[in-house]
Amino acid sequence: MAFASKTVLNAASGICRLSVRNTSSAPKVALLGASGGIGQPLGLLLKTNPKVASLALYDVANTAGVGADLSHIDTAAQVTSHTGPENLHAALEGADIVVIPAGVPRKPGMTRDDLFNVNAGIVRDLAEAAAKACPKAFVAIITNPVNSTVPIAAEVYKNNGVYDPKRIFGVTTLDVVRSQAFISELKKLDVSKTVIPVIGGHSGVTIIPLLSQVQPSAQFSDSEIEKLTARIQDAGTEVVKAKAGAGSATLSMAFAGARFVDALISGLQGKKNVQCSFVESDVVKGVDYFSTPLELGPNGVEKILGYGKLSSYEQSLVEAAVPELQKNIAKGVKFIKG
Ligand code: NAD
Ligand code: LMR
């Protein structure tokens, strides 16, 4: 990892200050899609994360304004703003983590797959630039349809000869965050101590909350299990409908994205921790990418922890998810391979 040094001349005092930054403990995060509904609150949360040394904001529009605004916050992260493809390389150079919420969101009546035609090309182009500028960086993809955009980024990295499956992540943290909120509300649990794995992918039937593994352990009737599972699978649509044409989840997504990036940074800094994320995986036969709990560390995915013992209902959910995941993944791969 790079070692950076910078000399700053203060014109008023004439004092020359040498600031030295060891990026192994102080990462640079590049946020692509920084002016959007997710990008702005996520940028705010990253700017206020004391672990972030440098925050590069990139978008095709309005980045300078968002950057000026965030840069007035008195926290350590140094903010830079970059607008348009000609400035993308500068945003990415030296990045340790690249976070991608760039792309269009759903409107009522749309599926996540309906976003493919626009978002596939956006993720392809951003991944191409990241593969060239910062091939070792962890890449956290928020842009939908995640089940397809992660394979797209992986194929782009393969074409550039820099693919490392341990470093490309589909962000599914919002499914975990929602599950923990809904379960603790229903069972009157302390939400800060409620933990549940959500496996599979990030759309409809591919979102599989493992209610049999909730910690602290909770009892659910069959009807509660079916209703909670359906609500978690449809939670994105619940927000899309409530926003009535003004987009999809942004605030809860920013919160979830910030939590996931914080976990990646902890891992990078040697503090191993566990998160669910959609990555290349062989835990389910015939499916090349799957979300399960992962151990994160300095190299990204240190261990794929698998999903443990499933109830028969959860097993049936996995079986229902497989054909949809296969279709979504193949569509992403085909987009790059032709
Ligand atoms: P938005 O329209 O508010 O913001 C998107 C931003 O991307 C805009 O600022 C736009 O200018 C920018 N953009 C477009 N093309 C770009 C390019 N080529 N390079 C850089 N920036 C570009 O949308 P949003 O609400 O922030 O949602 C963004 C994406 O996140 C959508 O695809 C949405 O479906 C997805 N999403 C995923 C999850 C998840 O759990 N993974 C949750 C919520 C939303
Ligand atoms: C979500 O789960 O909220 C996101 O994937 C956005 C969407 O389109 O539902």
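Read-outs: derived from the displayed coordinates by stated rules, not from any lab. Given the structure is predicted, the values throughout are model-derived calculations rather than measurements. FYI the Cβ positions are ideal-geometry reconstructions off the backbone, even for glycines, and counts take in every protein chain you see.
Just a few scattered comments:
- Comparison of Leu70, Leu46 shows that the only residue that is in contact (Cβ under 8 Å) with a residue 60 or more places away in the chain, in contact with a strand residue (DSSP E or B) (Cβ under 8 Å, 6 or more places away or on another chain) and either aliphatic (A, V, I, L, M) or more than 30 Å from Asp234 (Cβ to Cβ) (or both) is Leu46.
- Taking every residue in segment 104-120 that is more than 13 Å from Phe335 (Cα to Cα) and within 11 Å of ligand 1 (Cβ to nearest atom) and pairing it with any residue that is polar (S, T, N, Q) and assigned to a loop (DSSP other than H, G, I, E, B), at least 6 positions away or on another chain, the pairs with Cβ-Cβ distances below 6 Å are Pro105/Ser248; Arg106/Ser248; Arg112/Asn144; Arg112/Ser203; Leu115/Asn144.
- Residue that is nearest to ligand 2 (Cβ to nearest atom), among those in segment 238-258 that are in a helix (DSSP H, G or I) and without any contact (Cβ under 8 Å) to a residue 24 or more places away in the chain: Val239
- All positions within segment 54-65 that are more than 9 Å from ligand 1 (Cβ to nearest atom), within 24 Å of Ala127 (Cβ to Cβ) and of a type in the set (A, V, I, L, M): Leu55, Ala56, Leu57
- Residue count for segment 164-199, restricted to those that are within 13 Å of ligand 1 (Cβ to nearest atom) and either closer than 19 Å to Ile304 by Cα or aliphatic (A, V, I, L, M) (or both): 10
- Qualifying residue in segment 228-240 (condition: under 30 Å from Lys136 (Cβ atoms), within 22 Å of the chain's Cα centre (by Cα) and either away from ligand 1 (no atom under 16 Å from the Cβ) or not acidic (Asp, Glu) (or both)): no
- Consider segment 30-53 and keep the residues that are part of a helix (DSSP H, G or I) and small (Gly, Ala, Ser). The one that is nearest to ligand 1 (Cβ to nearest atom) is Gly39.
- Residues of segment 145-164 that turn out to be under 15 Å from the mean Cα position of the chain (by Cα) and either over 18 Å from Asp125 (Cβ atoms) or part of a loop (DSSP other than H, G, I, E, B) (or both), as a count: 2
- Within segment 270-303, the set of residues being surrounded by fewer than 20 Cβ atoms within 10 Å (Cβ to Cβ) and in contact with a Ser or Thr (Cβ under 7 Å, 6 or more places away or on another chain) comprises Asn273, Ser281, Val283.
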